[in-house]
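*Asks:* Attaching a single structure in structure tokens format; questions to follow.
The values are calculated or read from the model by the stated rules, or taken from the named source; none is laboratory data. On a predicted model such as this, the values are computed, not experimentally measured, just so you know. Methodologically, a virtual Cβ is constructed for each residue, glycine included, from the backbone with ideal geometry; neighbour enumeration extends over all protein chains shown. Only protein heavy atoms, including side chains, enter the accessible area calculation; ligands, DNA and RNA are left aside. Shrake-Rupley method; radii C 1.70, N 1.55, O 1.52, S 1.80 Å.
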Amino acid sequence: MELFESIMWKYISEEKDVLTANIERKDIQPVAEQLTGYSTVYFVSHGSSYNSSMTVAPFFMKNARINVHCITAGNFIASENQVSLFDKENTLVVLISQTGNSRGTLEGAKLAEKYGIATLGLSADNSATLKKYTDYFLTLNCGEEDSNAKTKGMSSTILVLLLLSTYIGLKKGIITESRKDEIIAELKRQCEELESVHQKTVQFCKANDFGKGMTNLYTIGSDMNYGLALEGQIKVMETMCIPTCAVDSEEFSHGTHRSINRDTSVLIIRTPNNAEMAQKTFEYFDPIARMYMIETFRDNKKDNVVSVPLHPYTQSVLTIVEFIQIISAYAPENNHLDPNRDANNAYTEVVETRI
């Protein structure tokens, strides 16, 4: 396969319009206003949907002042004894599945229903099976995405959750109308920046021959961008079919650093939340490993660094995830591989992960 031939590029190019339309939606705020009475939220999901919840969780807790737990659907189902002890009057379970047909997510919805716990479902559109099993429902409005590695669906999930928590916080009086407007303005600016980030990232990939011969990848992030480090880990694993690992900035020095060598690829997400440690990590390992960094600064004018504008309330997550999606599509194609090639595809049918 040659560069820019896979279906992923089409979906990535649609993100600006998809996200801009989601910002203008009128149905998210009314749902948010019905959720202000909950003090605890459990996000239940798989894969990129789980990474989306991990990305938004810090923002959700800060702006909606709700205690958030992110848990995979499998672990949620396996924890029925714990679920049975939830304070059902004050707990909301948010179930996320882009397809709306993930077996684990559907079973999670049924488990919450069994114990009288309120549920909110998020899926691509209103045809999702998940909608039948949840009390509240929001679409991601991301359209079709017939790709193993999801892109615009992941970005839409992040955006819808950011908007949902912003409107909850507004209704509860935790954030002001002017702060809400500032957050929305940040999100709109990031949508406008997607095209330039796309161009920058492709230039970065070409300058570094990104992905050529790559045999592994470590991703490092912090706070909201730890969720995106997780997404970088899973995206490149899905498209390159190689071992990958994600750690937060503090955790990296507790053993992971010992495995780095000249054959290792490392991607660091550097924002104000982890700026000093990320910079020291980059400088220490730059002579040793294949180091790459995306940052919200302009401190490192190197070919292996991409800089994007800083958006402090939302930690630039919409533009940073765009970067991650592009490198995950570019890397396999740079090795003449289809990002969506068959790689044990029959396994999901064997274990019946879709209903």
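*Asks:* What whole number of Å gives the distance from the Cα centroid of region 58-85 to the Cα centroid of region 197-229?
*Replies:* For region 197-229 versus region 58-85, the Cα centre distance is 29 Å.
*Asks:* Considering only protein heavy atoms and a 1.4 Å probe, what is the carbon-and-sulfur percentage of the accessible area of the chain?
*Replies:* Carbon-and-sulfur percentage of accessible area, whole number: 47.
*Asks:* Looking at region 1-51, which trypsin sites (Lys or Arg not before Pro) are DSSP coil and have at most 13 other C-beta atoms within 10 Å of their C-beta?
*Replies:* Those satisfying the criteria are Lys26.
*Asks:* While we're looking at this one, here's another question. Give me the 1.4 Å probe accessible area per residue for region 242-289, excluding ligands and nucleic acids, in Å².
*Replies:* Solvent-accessible surface per residue comes out at 53 Å².
*Asks:* Could you identify which residue out of Gln29, Gln315, Gln233 has the top mean-square fluctuation in a GNM of the chain using Cα springs shorter than 10 Å?
*Replies:* Fluctuation is largest for Gln29.
*Asks:* Are there GluC sites (Glu not before Pro) in region 292-355 that DSSP marks as loop and that have at most 15 other Cβ atoms within 10 Å, and which are they?
*Replies:* Glu352
*Asks:* Let me ask something else about it. Going through region 1-58, which GluC sites (Glu not before Pro) have at most 10 other Cβ atoms within 10 Å and a DSSP loop state?
*Replies:* Glu2, Glu24
*Asks:* Rolling a 1.4 angstrom probe over the protein heavy atoms, how many square angstrom per residue are accessible across region 1-115?
*Replies:* 43 Å²
*Asks:* To the nearest 10 degrees, how steep is helix 177-208 against the longest Cα principal axis of the chain, on a 0 to 90 scale?
*Replies:* With rounding to tens, the tilt is 30 degrees.
*Asks:* How far is helix 317-334 tilted off the main Cα axis of the chain, in degrees rounded to 10, range 0 to 90?
*Replies:* 50 degrees
*Asks:* Right, something else. Out of all DSSP beta bridges in the chain, what portion is antiparallel? Express it as a percent rounded to 5.
*Replies:* 5 percent
*Asks:* Helix 275-285 sits at what angle to the longest principal axis of the chain, using alpha carbons and giving 0 to 90 degrees rounded to 10?
*Replies:* 40 degrees
*Asks:* Next question, about the same structure. Where does the chain land at 222 nm, in deg cm²/dmol rounded to the nearest 500, when only DSSP H runs of n ≥ 4 count, each adding -39500 (n - 2.57), divided by all residues?
*Replies:* -15000 deg cm²/dmol
*Asks:* Can you tell me which of Leu164, Leu85, Leu318 moves the most in a GNM of the chain? Springs connect C-alpha atoms under 10 Å apart.
*Replies:* Residue with maximal mean-square fluctuation among Leu164, Leu85, Leu318: Leu85.
*Asks:* Suppose R0 equals 35 Å; then what is the FRET efficiency for Asn90 and Glu192 from their Cβ-Cβ distance, rounded to the nearest 0.05?
*Replies:* 0.35
*Asks:* At 0.36 nm per residue, minus the direct Cα-Cα distance, what do Asn345 and Met61 gain on full extension? Give it in nm, one decimal, please.
*Replies:* Computed gain between Asn345 and Met61 is 98.5 nm.
*Asks:* Just want to confirm a number: the relative contact order over the chain, from Cα pairs under 8 angstrom separated by 6+ residues, in percent.
*Replies:* 21 percent
*Asks:* To continue, here is another question. Mind scanning Lys110/Lys172; Lys10/Lys301; Lys16/Lys62; Lys10/Lys200 and naming the pairs with a C-alpha gap bigger than 25 Å?
*Replies:* Too far apart for the 25 Å limit: Lys110/Lys172; Lys10/Lys301; Lys16/Lys62.
*Asks:* What whole-number distance in Å separates the alpha-carbon centres of region 16-41 and region 277-319?
*Replies:* Cα centroid to Cα centroid, the span is 31 Å.
*Asks:* So, one more: Remind me, relative contact order of region 83-237 in percent, using alpha carbon pairs under 8 angstrom and six or more residues apart?
*Replies:* 13 percent
*Asks:* Could you point to the residue in Phe204, Asn141, Ser165 farthest towards the positive end of region 132-216's charge dipole, with +1 and -1 charges on the Cβ of Lys/Arg and Asp/Glu respectively?
*Replies:* So the residue furthest toward the plus end is Ser165.
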